[in-house]
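Let me begin by presenting the structure, written as structure tokens, before commenting on it.
The values are calculated or read from the model by the stated rules, or taken from the named source; none is laboratory data. Nothing here was measured: the structure is a model prediction, and the numbers come from that model. Methodologically, a virtual Cβ is constructed for each residue, glycine included, from the backbone with ideal geometry; neighbour enumeration extends over all protein chains shown.
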Amino acid sequence: MSRDYPIDMPSAIDDLERLLDPGACLTRSEDMAPYLTDWRGRFHGTALAVARPATTAQVAQVVRWCAARGTPVVIQGGNTGLAGGATPGGGPPALVLSTRRLNRIRAVDLANDTLTAEAGCVLHDVQQAALASERLFPLSLAAQGSCTIGGNLSTNAGGTQVLRYGNARELTLGLEVVLPDGQVWEGLRGLRKDNSGYDLKQLFIGAEGTLGIITAATLRLFPRPTGRAVAMVALDGLPAAIALLAQARAQAGPALTAFELLSDDCLQLLARTRLPARPPFPVPHPWLALLEWVEHGTGDGAAARCEARCEALGAAAIAGGLARDAVVARSLADGDALWRLRESIPEAQARAGGNVKHDIALPLGAMAGFVEEVGEALRALWPPLRPFVFGHLGDGNLHYNVGTVQGIPVAGAFEREPAINDIVFTAVVRHGGSISAEHGLGQLRRDLAERVKPAVERELMRSVKRALDPSGLMNPGKVI
């Protein structure tokens, strides 16, 4: 799908600038630089220009400009991705199209419990718009202060509330999309039932911009909880964590909104990097589970009911031998402090020099065996290797990141990255898991997906790509 680039560059850029507002087409290298490197600094690219349209009509005009000239277009939102999906790659010079100026909340429909937001809206702003209407938009990510709705949908973002509310896919009722030929599909329907043909929005959610450009979305809202409790439970091992999850689900049902897992190695890393996050227990434990429980209803007793039920769950787990200890937050500040333990782990890893990252999904029944098997294989490869395991146990998503023990430079892990990846991903496939749970494939895992996905699945993906983007101009070199 690659091609030569036979255009008169200066006149073409002049044409592009006329399609946009003054100053919305960046061509100077110093202005484009922030758009050409991914958040982790792992991928670097070049571009003809950076277009910053402010309306869907302008996006469509820019895409038609690209289609007429055979110019690839790379779509970028908040540039917070972890797989290089929003960074230009090799091949013909591309145009970077930033959606950050598409940042309006178009509508809040309280009767329908929906909110329509443009793709460049920052996730935190969407959350706040929902709260201002006494509603909840539950998608919650570490990067929510800078990631955008368009990027969230393009990667089918997950986060900490998937257990109760689902991924971005489950939170989306309708989309507006600019197609590769510049047509606009206006599919912003706030319907929960529509069995009138293919569910086209699902093609674009999770496609990482390879099939079209999401410009707006109609999102589901939920009643705002009136009570919340946060608890942390100390555990001996993963089997106990999985048993506790089953017990919590049976007791709480949909009131259980989060069940996060942290290994003691992660807690030790927090201490090593001197982050102001401290576990609530006087002695270390092999694993910690972080639970969040919410209630709805009127009156002042919702928070107390949440706390009482969390306490009962923790007490039963200790009495039944599942847990070593448990603590329930007594205030919002205490609950936030427990969450800070979980949310500080990525920063601690960065301060320690980074690690070899893996964002994987596994069936819960396979998780304990996977962790034990891969840990042994890594130690056999090089004894100083140490996995830092944390993530969203409730939906089977682990961040299985490999660094080194204290005192050994993490460079030793990076030198062995191909062998580490082979160990981890071979085991993931053998245990029936996925090589990417929520970060996407982008450039980082594209070639790996070609090796591990079944041939029929790969060909189906290529068929969809050819049908919607026959010229291969939408975010080339990503996903497939």
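With respect to R192, determine if the residue is under 17 Å from the mean Cα position of the chain (by Cα) and surrounded by fewer than 20 Cβ atoms within 10 Å (Cβ to Cβ). So R192 fails the test.
Looking only at residues in the range 144-155 that are in contact with a strand residue (DSSP E or B) (Cβ under 9 Å, 6 or more places away or on another chain) and part of a loop (DSSP other than H, G, I, E, B), which one is surrounded by the most Cβ atoms within 10 Å (Cβ to Cβ)? Filtering the range 144-155 for residues that are in contact with a strand residue (DSSP E or B) (Cβ under 9 Å, 6 or more places away or on another chain) and part of a loop (DSSP other than H, G, I, E, B), the one surrounded by the most Cβ atoms within 10 Å (Cβ to Cβ) comes out as C147.
The residues on offer are A427, A380, and the sole one that is closer than 29 Å to E347 by Cα, surrounded by 19 or more Cβ atoms within 10 Å (Cβ to Cβ) and not charged (D, E, K, R) is A427.
Quick one: is A107 more than 22 Å from A60 (Cα to Cα) and surrounded by fewer than 22 Cβ atoms within 10 Å (Cβ to Cβ)? No: the conditions fail for A107. Which one of these is over 26 Å from the mean Cα position of the chain (by Cα) and either not assigned by TED's automatic domain parsing to the domain that holds N397 or not charged (D, E, K, R) (or both): A326, A348, A366? None of the others qualify; the one that does is A326.
Evaluated against (1) farther than 30 Å from L200 by Cα; (2) over 23 Å from the mean Cα position of the chain (by Cα); (3) among the acidic types (D, E), E459 falls short on exactly one condition, (1).
Being part of a helix (DSSP H, G or I) and at pLDDT below 95 holds for only one residue in R169, R164, and it is R164. For the range 308-361, the candidate set comprises residues that are within 12 Å of A231 (Cα to Cα) and of a type in the set (K, R); within that set, the residue that is surrounded by the most Cβ atoms within 10 Å (Cβ to Cβ) is R309.
Within the range 81-93, residues that are under 20 Å from S146 (Cα atoms) have Cβ atoms under 6 Å from residues that are among the aromatic types (F, W, Y) and part of a loop (DSSP other than H, G, I, E, B) in these pairs: G84/F43; T87/F43, counting only partners at least 6 apart in sequence or on another chain.
Do we have any residue at all in the range 62-79 that's among the basic types (K, R) and surrounded by fewer than 15 Cβ atoms within 10 Å (Cβ to Cβ)? The answer is no; no qualifying residue exists. Just so you know, in the range 383-411 the residues that are under 28 Å from the mean Cα position of the chain (by Cα) and surrounded by fewer than 14 Cβ atoms within 10 Å (Cβ to Cβ) include one that is nearest to L270 (Cα to Cα), and it is V405.
Taking the conditions (1) touching a residue at least 60 places away in the same chain (Cβ under 8 Å); (2) assigned to a strand (DSSP E or B); (3) under 25 Å from R64 (Cβ atoms) in turn, D181 satisfies each one other than (2).
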